[in-house]
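Engineer: My questions all concern the structure below.
The values are calculated or read from the model by the stated rules, or taken from the named source; none is laboratory data. Given the structure is predicted, the values throughout are model-derived calculations rather than measurements. Heads up, the Cβs are rebuilt from the backbone with ideal geometry, glycines too, and the neighbour counts pull from every protein chain shown. Ligands, DNA and RNA are stripped out before the accessible areas are found, and what is left, the full protein with its side chains, is counted by its heavy atoms. Shrake-Rupley method; radii C 1.70, N 1.55, O 1.52, S 1.80 Å.
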Amino acid sequence: MINTVPEINSSTSTTDTSASPAIITFADFGLDPKIQKAVSEQGYNTPTPIQAQAIPHVLAGSDLMGAAQTGTGKTAAFVLPIIQKILRHASSSASPARHPIRALVLTPTRELAVQVAENAASYSKHTDLRAAVVYGGVDMKEQVATLRNGVEILIATPGRLLDHIGSKVANLSQVEILVLDEADRMLDMGFLPDLQRIIDLIPAQRQTLLFSATFSPEIKKLAQSYLRTPVTVEVARQNAAADTVKQVVHMVASADKQRAIVRVLEARTRQGLSRQCIIFTNSRLGCAKLSRALERDGIKAGAIHGDKSQGERTLTLDAFKSGAIEALVATDVAARGLDIPSMPCVINHELPFNAEDFIHRIGRTGRAGSKGDAIALVDASEKRLLDDIEKLMKRKLDIQPLPEGSSIPSSAPSRTSSRSDAPAKMSDPFFYKPYEPSATTQPASPATNSEEKKVGITPARASIGALLGGFKKK
Ligand code: AMP
(Lines give C-alpha, C1' and ligand atoms only; values in the text may rest on other atoms or scores of the structure.)
Protein backbone atom coordinates (compact mmCIF):
# COMPACT_ATOMS: atom_id res chain seq x y z
CA MET A 1 0.00 0.00 0.00
CA ILE A 2 1.60 3.21 -1.07
CA ASN A 3 0.49 6.53 0.20
CA THR A 4 1.27 8.70 -2.77
CA VAL A 5 -1.55 11.14 -2.71
CA PRO A 6 -3.16 12.81 -5.67
CA GLU A 7 -2.37 16.48 -5.59
CA ILE A 8 -5.61 17.87 -4.46
CA ASN A 9 -5.78 21.10 -2.57
CA SER A 10 -3.94 20.23 0.58
CA SER A 11 -5.58 23.04 2.47
CA THR A 12 -8.95 21.40 2.08
CA SER A 13 -8.05 17.79 2.34
CA THR A 14 -6.43 15.42 4.71
CA THR A 15 -4.78 12.21 3.79
CA ASP A 16 -5.14 8.97 5.56
CA THR A 17 -1.62 7.81 5.98
CA SER A 18 -2.56 5.04 8.37
CA ALA A 19 -2.70 1.73 6.64
CA SER A 20 -5.13 0.65 9.34
CA PRO A 21 -2.93 -2.25 10.38
CA ALA A 22 -5.02 -2.83 13.49
CA ILE A 23 -8.10 -3.72 11.47
CA ILE A 24 -7.99 -7.31 10.49
CA THR A 25 -11.59 -8.40 10.35
CA PHE A 26 -14.89 -6.90 9.30
CA ALA A 27 -16.00 -7.15 12.94
CA ASP A 28 -13.50 -4.41 13.77
CA PHE A 29 -15.57 -1.89 11.84
CA GLY A 30 -18.43 -2.34 14.29
CA LEU A 31 -20.87 -3.04 11.48
CA ASP A 32 -24.35 -4.23 12.38
CA PRO A 33 -24.55 -8.04 12.69
CA LYS A 34 -27.01 -8.10 9.75
CA ILE A 35 -24.33 -6.57 7.54
CA GLN A 36 -21.59 -8.77 8.93
CA LYS A 37 -23.69 -11.83 8.24
CA ALA A 38 -24.09 -10.81 4.60
CA VAL A 39 -20.36 -10.12 4.31
CA SER A 40 -19.41 -13.52 5.63
CA GLU A 41 -21.94 -15.14 3.31
CA GLN A 42 -20.00 -13.50 0.48
CA GLY A 43 -16.97 -15.40 1.71
CA TYR A 44 -15.01 -12.25 2.55
CA ASN A 45 -12.67 -12.94 5.48
CA THR A 46 -10.47 -9.87 5.51
CA PRO A 47 -11.15 -6.35 4.35
CA THR A 48 -9.20 -5.34 1.27
CA PRO A 49 -6.85 -2.33 1.73
CA ILE A 50 -9.33 0.18 0.31
CA GLN A 51 -11.99 -1.21 2.62
CA ALA A 52 -9.67 -1.12 5.63
CA GLN A 53 -8.85 2.52 4.95
CA ALA A 54 -12.11 3.92 3.65
CA ILE A 55 -14.80 2.27 5.79
CA PRO A 56 -13.84 3.95 9.10
CA HIS A 57 -13.82 7.39 7.44
CA VAL A 58 -17.17 6.86 5.75
CA LEU A 59 -18.66 5.65 9.02
CA ALA A 60 -17.26 8.75 10.72
CA GLY A 61 -19.13 10.93 8.23
CA SER A 62 -16.16 12.33 6.28
CA ASP A 63 -16.25 13.19 2.62
CA LEU A 64 -13.83 10.92 0.90
CA MET A 65 -11.80 10.73 -2.24
CA GLY A 66 -10.80 7.15 -3.01
CA ALA A 67 -8.02 6.43 -5.46
CA ALA A 68 -8.88 2.85 -6.11
CA GLN A 69 -8.32 0.66 -9.11
CA THR A 70 -10.97 -1.63 -10.42
CA GLY A 71 -10.89 -4.93 -8.61
CA THR A 72 -9.70 -3.58 -5.29
CA GLY A 73 -12.99 -4.17 -3.52
CA LYS A 74 -13.98 -0.52 -3.66
CA THR A 75 -17.69 -1.22 -4.07
CA ALA A 76 -17.93 -2.80 -0.63
CA ALA A 77 -15.72 0.02 0.68
CA PHE A 78 -18.57 2.44 0.16
CA VAL A 79 -21.67 0.20 0.14
CA LEU A 80 -21.05 -1.44 3.54
CA PRO A 81 -20.67 1.79 5.53
CA ILE A 82 -23.57 3.34 3.61
CA ILE A 83 -25.84 0.50 4.72
CA GLN A 84 -24.60 0.92 8.27
CA LYS A 85 -25.25 4.66 8.21
CA ILE A 86 -28.78 4.50 6.83
CA LEU A 87 -29.79 1.38 8.72
CA ARG A 88 -31.50 3.57 11.31
CA HIS A 89 -34.08 4.44 8.63
CA ALA A 90 -34.83 0.80 7.76
CA SER A 91 -38.55 0.13 7.89
CA SER A 92 -40.66 -2.93 7.31
CA SER A 93 -43.57 -0.69 6.37
CA ALA A 94 -44.90 -1.16 2.85
CA SER A 95 -45.59 2.57 2.58
CA PRO A 96 -43.39 4.20 -0.11
CA ALA A 97 -43.17 7.28 2.10
CA ARG A 98 -41.11 5.23 4.55
CA HIS A 99 -38.57 4.36 1.86
CA PRO A 100 -37.17 7.58 0.40
CA ILE A 101 -33.86 7.59 -1.43
CA ARG A 102 -31.16 7.99 1.25
CA ALA A 103 -28.07 7.05 -0.71
CA LEU A 104 -27.40 7.68 -4.40
CA VAL A 105 -24.58 6.02 -6.34
CA LEU A 106 -23.88 7.41 -9.82
CA THR A 107 -21.91 5.31 -12.29
CA PRO A 108 -20.90 5.90 -15.91
CA THR A 109 -22.26 2.67 -17.42
CA ARG A 110 -25.19 0.38 -16.97
CA GLU A 111 -22.98 -2.67 -16.45
CA LEU A 112 -21.23 -1.05 -13.53
CA ALA A 113 -24.56 0.21 -12.17
CA VAL A 114 -25.95 -3.31 -12.25
CA GLN A 115 -22.91 -4.72 -10.48
CA VAL A 116 -22.96 -2.13 -7.74
CA ALA A 117 -26.69 -2.76 -7.29
CA GLU A 118 -26.13 -6.51 -7.07
CA ASN A 119 -23.55 -5.90 -4.36
CA ALA A 120 -25.83 -3.49 -2.52
CA ALA A 121 -28.68 -6.02 -2.66
CA SER A 122 -26.43 -8.81 -1.35
CA TYR A 123 -24.91 -6.76 1.47
CA SER A 124 -28.31 -5.41 2.61
CA LYS A 125 -30.26 -8.61 2.20
CA HIS A 126 -30.74 -9.17 5.95
CA THR A 127 -32.03 -5.64 6.49
CA ASP A 128 -35.26 -3.89 5.53
CA LEU A 129 -33.39 -1.50 3.27
CA ARG A 130 -34.13 -1.63 -0.44
CA ALA A 131 -31.62 -1.28 -3.25
CA ALA A 132 -32.45 -0.70 -6.91
CA VAL A 133 -30.81 0.36 -10.13
CA VAL A 134 -31.95 2.55 -13.01
CA TYR A 135 -30.14 3.02 -16.30
CA GLY A 136 -30.90 3.89 -19.89
CA GLY A 137 -31.47 1.72 -22.90
CA VAL A 138 -34.26 -0.33 -21.35
CA ASP A 139 -37.95 0.25 -20.72
CA MET A 140 -38.80 2.75 -17.98
CA LYS A 141 -41.95 1.02 -16.73
CA GLU A 142 -40.43 -1.42 -14.28
CA GLN A 143 -38.00 1.19 -13.01
CA VAL A 144 -40.90 3.57 -12.42
CA ALA A 145 -42.78 0.91 -10.43
CA THR A 146 -39.68 0.19 -8.34
CA LEU A 147 -39.04 3.85 -7.63
CA ARG A 148 -42.70 4.45 -6.74
CA ASN A 149 -42.56 1.60 -4.22
CA GLY A 150 -39.65 3.31 -2.51
CA VAL A 151 -35.97 2.52 -2.37
CA GLU A 152 -33.28 3.65 0.07
CA ILE A 153 -30.17 2.89 -2.01
CA LEU A 154 -30.42 3.92 -5.63
CA ILE A 155 -27.72 3.18 -8.16
CA ALA A 156 -28.11 5.06 -11.41
CA THR A 157 -26.54 6.27 -14.60
CA PRO A 158 -26.98 10.06 -14.75
CA GLY A 159 -29.13 10.43 -17.90
CA ARG A 160 -31.79 7.94 -16.89
CA LEU A 161 -31.93 9.30 -13.37
CA LEU A 162 -32.64 12.77 -14.79
CA ASP A 163 -35.44 11.25 -16.87
CA HIS A 164 -37.04 9.85 -13.70
CA ILE A 165 -36.54 13.09 -11.86
CA GLY A 166 -38.12 14.94 -14.79
CA SER A 167 -41.20 12.74 -14.58
CA LYS A 168 -41.30 13.21 -10.79
CA VAL A 169 -40.75 9.54 -10.07
CA ALA A 170 -37.46 10.08 -8.28
CA ASN A 171 -36.93 12.61 -5.55
CA LEU A 172 -33.49 13.33 -4.15
CA SER A 173 -34.49 15.67 -1.33
CA GLN A 174 -33.70 13.10 1.36
CA VAL A 175 -30.39 11.87 0.02
CA GLU A 176 -27.78 11.80 2.76
CA ILE A 177 -24.89 10.15 0.93
CA LEU A 178 -23.80 10.63 -2.67
CA VAL A 179 -21.22 8.41 -4.37
CA LEU A 180 -19.59 9.23 -7.71
CA ASP A 181 -18.13 5.92 -8.84
CA GLU A 182 -15.50 5.89 -11.58
CA ALA A 183 -15.66 9.66 -11.63
CA ASP A 184 -12.81 9.87 -14.12
CA ARG A 185 -14.82 7.96 -16.68
CA MET A 186 -17.95 9.97 -16.02
CA LEU A 187 -16.02 13.10 -16.93
CA ASP A 188 -14.50 11.44 -20.00
CA MET A 189 -17.99 10.66 -21.17
CA GLY A 190 -19.13 14.22 -20.80
CA PHE A 191 -21.45 13.66 -17.87
CA LEU A 192 -20.45 16.83 -16.02
CA PRO A 193 -23.57 18.88 -16.91
CA ASP A 194 -25.81 15.95 -15.88
CA LEU A 195 -23.84 15.50 -12.65
CA GLN A 196 -24.24 19.18 -11.88
CA ARG A 197 -28.01 19.04 -12.40
CA ILE A 198 -28.31 16.00 -10.15
CA ILE A 199 -26.07 17.36 -7.41
CA ASP A 200 -28.07 20.61 -7.36
CA LEU A 201 -31.09 18.54 -6.30
CA ILE A 202 -29.35 16.87 -3.35
CA PRO A 203 -29.29 18.61 0.04
CA ALA A 204 -26.05 20.45 0.67
CA GLN A 205 -25.83 18.71 4.03
CA ARG A 206 -24.74 15.45 2.53
CA GLN A 207 -21.72 13.19 2.64
CA THR A 208 -19.98 12.84 -0.71
CA LEU A 209 -17.67 10.00 -1.72
CA LEU A 210 -15.73 10.09 -4.97
CA PHE A 211 -13.92 7.08 -6.39
CA SER A 212 -11.62 7.21 -9.35
CA ALA A 213 -8.90 4.93 -10.69
CA THR A 214 -6.96 7.84 -12.10
CA PHE A 215 -6.63 11.46 -11.03
CA SER A 216 -6.62 13.95 -13.84
CA PRO A 217 -6.64 17.70 -13.12
CA GLU A 218 -10.38 17.65 -13.98
CA ILE A 219 -11.06 15.09 -11.26
CA LYS A 220 -9.15 17.11 -8.73
CA LYS A 221 -11.22 20.14 -9.70
CA LEU A 222 -14.42 18.11 -9.36
CA ALA A 223 -13.33 16.95 -5.94
CA GLN A 224 -12.64 20.48 -4.86
CA SER A 225 -16.04 21.73 -5.97
CA TYR A 226 -18.15 18.91 -4.59
CA LEU A 227 -16.33 17.57 -1.54
CA ARG A 228 -15.80 19.27 1.80
CA THR A 229 -12.40 18.72 3.43
CA PRO A 230 -12.24 15.23 2.00
CA VAL A 231 -10.07 12.52 3.37
CA THR A 232 -8.02 10.96 0.60
CA VAL A 233 -7.35 7.26 0.64
CA GLU A 234 -5.23 5.48 -1.89
CA VAL A 235 -4.37 1.85 -1.97
CA ALA A 236 -2.03 1.51 -4.88
CA ARG A 237 0.33 3.77 -6.66
CA GLN A 238 -1.52 6.16 -8.84
CA ASN A 239 -1.78 5.01 -12.43
CA ALA A 240 -0.34 1.61 -11.63
CA ALA A 241 -1.76 -1.79 -12.34
CA ALA A 242 -2.24 -4.32 -9.56
CA ASP A 243 1.02 -6.01 -8.60
CA THR A 244 -0.57 -9.38 -9.24
CA VAL A 245 -0.85 -8.64 -12.98
CA LYS A 246 1.99 -9.95 -15.13
CA GLN A 247 2.30 -7.70 -18.15
CA VAL A 248 3.81 -8.71 -21.48
CA VAL A 249 4.01 -7.02 -24.88
CA HIS A 250 4.24 -9.02 -28.11
CA MET A 251 5.21 -7.02 -31.19
CA VAL A 252 2.80 -8.25 -33.87
CA ALA A 253 1.81 -6.72 -37.19
CA SER A 254 -1.86 -5.70 -37.09
CA ALA A 255 -2.81 -8.14 -39.85
CA ASP A 256 -1.41 -11.02 -37.78
CA LYS A 257 -2.97 -10.20 -34.46
CA GLN A 258 -5.91 -12.53 -34.73
CA ARG A 259 -3.62 -15.50 -35.36
CA ALA A 260 -1.39 -14.30 -32.56
CA ILE A 261 -4.34 -14.53 -30.19
CA VAL A 262 -4.96 -18.10 -31.27
CA ARG A 263 -1.32 -18.84 -30.59
CA VAL A 264 -1.41 -17.23 -27.17
CA LEU A 265 -4.47 -19.27 -26.25
CA GLU A 266 -2.87 -22.47 -27.56
CA ALA A 267 0.17 -21.77 -25.40
CA ARG A 268 -2.04 -21.18 -22.36
CA THR A 269 -3.75 -24.50 -22.97
CA ARG A 270 -0.37 -26.26 -23.16
CA GLN A 271 0.66 -24.62 -19.89
CA GLY A 272 -2.53 -25.86 -18.24
CA LEU A 273 -3.83 -22.29 -17.89
CA SER A 274 -7.40 -21.19 -18.43
CA ARG A 275 -8.25 -19.98 -21.94
CA GLN A 276 -10.74 -17.53 -20.52
CA CYS A 277 -9.78 -14.03 -21.56
CA ILE A 278 -11.16 -10.61 -22.32
CA ILE A 279 -9.87 -9.19 -25.57
CA PHE A 280 -10.07 -5.43 -25.95
CA THR A 281 -10.57 -3.72 -29.28
CA ASN A 282 -10.91 -0.02 -30.07
CA SER A 283 -13.98 -0.08 -32.29
CA ARG A 284 -17.34 -1.75 -32.42
CA LEU A 285 -16.70 -2.97 -35.94
CA GLY A 286 -13.30 -4.35 -35.01
CA CYS A 287 -14.84 -6.05 -32.00
CA ALA A 288 -17.54 -7.82 -34.01
CA LYS A 289 -15.12 -8.76 -36.77
CA LEU A 290 -12.54 -10.21 -34.41
CA SER A 291 -15.11 -12.22 -32.50
CA ARG A 292 -16.37 -13.82 -35.72
CA ALA A 293 -12.84 -14.51 -36.91
CA LEU A 294 -11.90 -16.22 -33.65
CA GLU A 295 -15.03 -18.35 -33.86
CA ARG A 296 -13.91 -19.47 -37.30
CA ASP A 297 -10.58 -20.41 -35.71
CA GLY A 298 -12.39 -22.69 -33.27
CA ILE A 299 -12.30 -20.38 -30.27
CA LYS A 300 -15.57 -19.94 -28.43
CA ALA A 301 -15.90 -16.18 -28.68
CA GLY A 302 -18.57 -13.56 -28.04
CA ALA A 303 -18.64 -9.83 -28.68
CA ILE A 304 -19.85 -7.13 -26.33
CA HIS A 305 -20.04 -3.60 -27.70
CA GLY A 306 -22.30 -0.60 -27.90
CA ASP A 307 -24.36 -1.83 -30.87
CA LYS A 308 -25.52 -4.84 -28.88
CA SER A 309 -28.82 -4.63 -27.04
CA GLN A 310 -28.85 -4.97 -23.29
CA GLY A 311 -30.38 -8.43 -23.64
CA GLU A 312 -27.60 -9.56 -25.97
CA ARG A 313 -24.94 -8.15 -23.68
CA THR A 314 -26.38 -9.93 -20.68
CA LEU A 315 -26.60 -13.25 -22.55
CA THR A 316 -23.00 -12.94 -23.75
CA LEU A 317 -21.73 -12.01 -20.31
CA ASP A 318 -23.61 -14.89 -18.70
CA ALA A 319 -22.20 -17.28 -21.31
CA PHE A 320 -18.72 -15.98 -20.55
CA LYS A 321 -19.18 -16.32 -16.81
CA SER A 322 -20.46 -19.88 -17.23
CA GLY A 323 -17.50 -20.80 -19.44
CA ALA A 324 -19.59 -21.37 -22.57
CA ILE A 325 -17.58 -18.53 -24.11
CA GLU A 326 -13.79 -18.49 -23.69
CA ALA A 327 -12.94 -15.19 -25.30
CA LEU A 328 -15.02 -12.12 -24.59
CA VAL A 329 -14.18 -9.54 -27.23
CA ALA A 330 -15.09 -6.10 -25.96
CA THR A 331 -14.88 -2.38 -26.52
CA ASP A 332 -13.95 -0.15 -23.60
CA VAL A 333 -17.37 1.32 -23.06
CA ALA A 334 -19.11 -2.04 -22.99
CA ALA A 335 -16.51 -3.59 -20.71
CA ARG A 336 -16.29 -0.76 -18.26
CA GLY A 337 -16.81 -1.98 -14.72
CA LEU A 338 -17.49 -5.60 -15.58
CA ASP A 339 -16.74 -7.72 -12.59
CA ILE A 340 -15.66 -11.17 -13.58
CA PRO A 341 -14.07 -12.85 -10.58
CA SER A 342 -10.64 -14.44 -11.11
CA MET A 343 -10.36 -13.23 -14.70
CA PRO A 344 -7.08 -14.91 -15.65
CA CYS A 345 -6.10 -13.02 -18.77
CA VAL A 346 -6.66 -9.75 -20.60
CA ILE A 347 -5.45 -9.32 -24.18
CA ASN A 348 -5.17 -5.93 -25.82
CA HIS A 349 -5.78 -6.60 -29.49
CA GLU A 350 -4.69 -3.04 -29.99
CA LEU A 351 -3.62 -0.36 -27.57
CA PRO A 352 -6.23 2.19 -26.51
CA PHE A 353 -5.85 5.78 -27.68
CA ASN A 354 -6.03 6.97 -24.11
CA ALA A 355 -3.28 5.56 -21.87
CA GLU A 356 -5.57 5.62 -18.83
CA ASP A 357 -7.89 3.20 -20.59
CA PHE A 358 -5.01 0.72 -20.64
CA ILE A 359 -4.96 0.74 -16.83
CA HIS A 360 -8.69 0.16 -16.75
CA ARG A 361 -8.43 -2.65 -19.27
CA ILE A 362 -5.76 -4.57 -17.46
CA GLY A 363 -7.62 -3.91 -14.21
CA ARG A 364 -10.03 -6.62 -15.43
CA THR A 365 -7.46 -9.16 -14.29
CA GLY A 366 -5.56 -9.54 -11.04
CA ARG A 367 -8.67 -8.46 -9.17
CA ALA A 368 -8.86 -8.72 -5.40
CA GLY A 369 -5.39 -10.22 -5.19
CA SER A 370 -5.78 -13.01 -7.75
CA LYS A 371 -3.03 -13.54 -10.33
CA GLY A 372 -3.53 -12.40 -13.90
CA ASP A 373 -1.82 -11.99 -17.25
CA ALA A 374 -2.14 -8.84 -19.30
CA ILE A 375 -0.94 -9.33 -22.86
CA ALA A 376 -0.66 -6.47 -25.35
CA LEU A 377 -0.32 -7.13 -29.06
CA VAL A 378 1.46 -4.10 -30.42
CA ASP A 379 2.02 -3.15 -34.04
CA ALA A 380 4.94 -0.86 -34.83
CA SER A 381 2.45 1.87 -35.69
CA GLU A 382 1.33 1.85 -32.05
CA LYS A 383 4.71 2.87 -30.67
CA ARG A 384 3.51 6.30 -29.59
CA LEU A 385 0.58 4.77 -27.69
CA LEU A 386 2.94 2.33 -26.00
CA ASP A 387 5.23 5.20 -25.01
CA ASP A 388 2.28 7.07 -23.50
CA ILE A 389 1.26 4.02 -21.48
CA GLU A 390 4.76 3.43 -20.18
CA LYS A 391 5.03 7.08 -19.24
CA LEU A 392 1.74 6.96 -17.34
CA MET A 393 2.64 3.72 -15.57
CA LYS A 394 6.18 4.93 -14.95
CA ARG A 395 7.60 1.61 -16.10
CA LYS A 396 8.78 -0.13 -19.25
CA LEU A 397 6.71 -3.08 -20.36
CA ASP A 398 8.43 -6.36 -21.03
CA ILE A 399 8.60 -7.16 -24.76
CA GLN A 400 8.67 -10.89 -25.44
CA PRO A 401 8.39 -13.05 -28.55
CA LEU A 402 5.08 -14.75 -29.18
CA PRO A 403 4.88 -18.22 -27.70
CA GLU A 404 5.54 -21.09 -30.12
CA GLY A 405 2.46 -22.44 -31.80
CA SER A 406 0.85 -23.85 -34.87
CA SER A 407 -0.85 -20.67 -36.02
CA ILE A 408 2.26 -18.81 -36.98
CA PRO A 409 1.64 -15.32 -38.11
CA SER A 410 3.05 -15.12 -41.60
CA SER A 411 4.30 -11.58 -41.30
CA ALA A 412 5.12 -11.42 -37.63
CA PRO A 413 8.00 -9.15 -36.81
CA SER A 414 11.15 -10.99 -35.81
CA ARG A 415 11.76 -11.90 -32.21
CA THR A 416 14.21 -9.11 -31.89
CA SER A 417 11.72 -6.70 -33.23
CA SER A 418 11.94 -3.46 -31.33
CA ARG A 419 9.42 -0.72 -31.08
CA SER A 420 11.49 1.55 -33.21
CA ASP A 421 12.59 -0.73 -35.99
CA ALA A 422 9.60 -0.52 -38.24
CA PRO A 423 8.00 2.39 -39.97
CA ALA A 424 4.96 3.70 -38.19
CA LYS A 425 2.40 2.50 -40.68
CA MET A 426 -0.97 0.97 -40.08
CA SER A 427 -1.02 -2.44 -41.66
CA ASP A 428 -4.67 -2.95 -40.78
CA PRO A 429 -6.25 0.45 -40.51
CA PHE A 430 -9.61 -1.18 -39.86
CA PHE A 431 -8.77 -1.62 -36.23
CA TYR A 432 -7.65 1.94 -35.80
CA LYS A 433 -10.88 3.55 -36.77
CA PRO A 434 -11.90 6.03 -34.13
CA TYR A 435 -14.86 5.00 -32.03
CA GLU A 436 -17.98 5.83 -34.02
CA PRO A 437 -21.44 4.50 -34.65
CA SER A 438 -21.45 1.78 -37.25
CA ALA A 439 -24.69 2.90 -38.82
CA THR A 440 -26.65 6.08 -39.23
CA THR A 441 -29.74 4.45 -37.82
CA GLN A 442 -30.14 3.88 -34.12
CA PRO A 443 -29.37 0.47 -32.79
CA ALA A 444 -32.36 -1.79 -32.17
CA SER A 445 -31.99 -1.25 -28.47
CA PRO A 446 -31.13 2.30 -27.58
CA ALA A 447 -27.61 2.75 -26.32
CA THR A 448 -26.73 3.52 -22.79
CA ASN A 449 -26.41 7.18 -21.90
CA SER A 450 -22.68 6.99 -21.91
CA GLU A 451 -22.65 5.63 -25.40
CA GLU A 452 -25.35 7.98 -26.52
CA LYS A 453 -23.05 10.83 -25.72
CA LYS A 454 -20.37 9.32 -27.87
CA VAL A 455 -22.62 8.76 -30.84
CA GLY A 456 -24.39 12.06 -30.46
CA ILE A 457 -27.93 10.79 -29.93
CA THR A 458 -29.93 13.55 -28.29
CA PRO A 459 -31.48 13.21 -24.86
CA ALA A 460 -34.90 13.21 -26.49
CA ARG A 461 -34.46 9.55 -27.26
CA ALA A 462 -34.42 8.87 -23.60
CA SER A 463 -38.15 8.49 -23.56
CA ILE A 464 -37.67 5.21 -25.38
CA GLY A 465 -36.71 3.18 -22.56
CA ALA A 466 -37.10 0.27 -20.45
CA LEU A 467 -36.31 -1.20 -17.37
CA LEU A 468 -34.77 -2.74 -15.04
CA GLY A 469 -35.95 -2.56 -11.62
CA GLY A 470 -35.26 -3.37 -8.12
CA PHE A 471 -33.01 -6.15 -7.19
CA LYS A 472 -34.68 -8.97 -5.38
CA LYS A 473 -32.83 -9.86 -2.27
CA LYS A 474 -31.01 -13.09 -2.77
P1 AMP B 1 -14.74 -4.22 -6.88
O2 AMP B 1 -13.41 -3.52 -6.87
O3 AMP B 1 -15.71 -3.59 -5.95
O4 AMP B 1 -15.28 -4.38 -8.26
O5 AMP B 1 -14.51 -5.71 -6.30
C6 AMP B 1 -13.75 -6.67 -6.98
C7 AMP B 1 -14.06 -8.06 -6.49
O8 AMP B 1 -13.56 -8.28 -5.17
C9 AMP B 1 -15.53 -8.41 -6.43
O10 AMP B 1 -15.70 -9.68 -7.03
C11 AMP B 1 -15.86 -8.49 -4.96
O12 AMP B 1 -16.88 -9.41 -4.69
C13 AMP B 1 -14.53 -8.95 -4.37
N14 AMP B 1 -14.31 -8.51 -2.97
C15 AMP B 1 -14.66 -7.34 -2.43
N16 AMP B 1 -14.28 -7.28 -1.14
C17 AMP B 1 -13.65 -8.44 -0.86
C18 AMP B 1 -13.01 -8.98 0.30
N19 AMP B 1 -12.93 -8.29 1.44
N20 AMP B 1 -12.48 -10.21 0.21
C21 AMP B 1 -12.55 -10.90 -0.95
N22 AMP B 1 -13.13 -10.46 -2.08
C23 AMP B 1 -13.67 -9.24 -2.05
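Engineer: Roughly how many debye, to the nearest 20, is the charge dipole of the stretch 2-234 about its Cα centre, given +1 on each Lys and Arg Cβ, -1 on each Asp and Glu Cβ, and no other charges?
Structural biologist: 640 debye
Engineer: Return the long-range amide H neighbours of HIS99 (sequence gap of 5 or more, or a different chain), with a cut-off of under 5 Å between placed amide H atoms.
Structural biologist: Amide H neighbours of HIS99, under 5 Å, 5+ apart: none.
Engineer: Which value, in Å² rounded to 10, gives the accessible area of ARG98 with a 1.4 Å probe and all protein chains present?
Structural biologist: 130 Å²
Engineer: Can you list the residues, at least 5 places off or on another chain, whose amide H is less than 5 Å from the amide H of ILE399, using H built in the peptide plane?
Structural biologist: The list, which skips near neighbours in sequence, is VAL249.
Engineer: What number do you get for the stretch 2-234 when its Cα radius of gyration is normalised by 2.2 N^0.38 Å, N = residues?
Structural biologist: Its radius of gyration relative to the 2.2 N^0.38 Å reference: 0.96.
Engineer: Something else now. What is the distance, in nm, between label points placed 7 Å from the Cα along the Cα-to-Cβ direction at LYS391 and at THR314?
Structural biologist: 4.3 nm
Engineer: To one decimal place, what orientation-averaged projected area in nm² is obtained for the convex hull of the Cα set of the stretch 160-226?
Structural biologist: 4.4 nm²
Engineer: Can you compute 3J(HN,Hα) from phi for each residue in the stretch 250-261, using the Karplus curve 6.51 cos²θ - 1.76 cosθ + 1.60 with θ = phi - 60°, rounded to whole Hz and x for Gly and Pro?
Structural biologist: With the stated coefficients, the stretch 250-261 comes to 10, 7, 9, 4, 3, 5, 9, 5, 4, 5, 5, 5 Hz.
Engineer: Between ASP28 and SER225, what is the label-to-label distance in nm when each label sits 7 Å out along the Cα-to-Cβ direction?
Structural biologist: Going from the ASP28 label point to the SER225 one covers 3.8 nm.
Engineer: Can you pull the one-decimal nm distance between simple spin-label points at SER167 and ASP398, each 7 Å off the Cα toward Cβ?
Structural biologist: Result for the modelled spin labels: 5.4 nm.
Engineer: If you count only protein heavy atoms with a 1.4 Å probe, what accessible area per residue comes out for the stretch 28-102, rounded to a whole Å²?
Structural biologist: 37 Å²
Engineer: Now a separate question. Can you tell me the relative contact order of the stretch 2-234? Whole percent, Cα pairs under 8 Å, sequence separation 6 or more. Write out the running numbers ahead of the final one.
Structural biologist: Numbers: 420 pairs, mean separation 70.2, N = 233.
Rounded, it is 30 percent for the stretch 2-234.
Engineer: Report, by chain and number, residues whose modeled amide H sits under 5 Å from the one on ILE347, excluding near sequence neighbours (fewer than 5 apart, same chain).
Structural biologist: For ILE347, whose amide H was placed from the backbone, the distant partners under 5 Å are ILE278, ILE279, PHE280, ILE375.
Engineer: Something else about it: Apply the a/c threshold of 1.5 to the C-alpha gyration tensor of the stretch 37-84 and tell me whether it is rounded, prolate or oblate.
Structural biologist: It comes out oblate by the Cα gyration axes.
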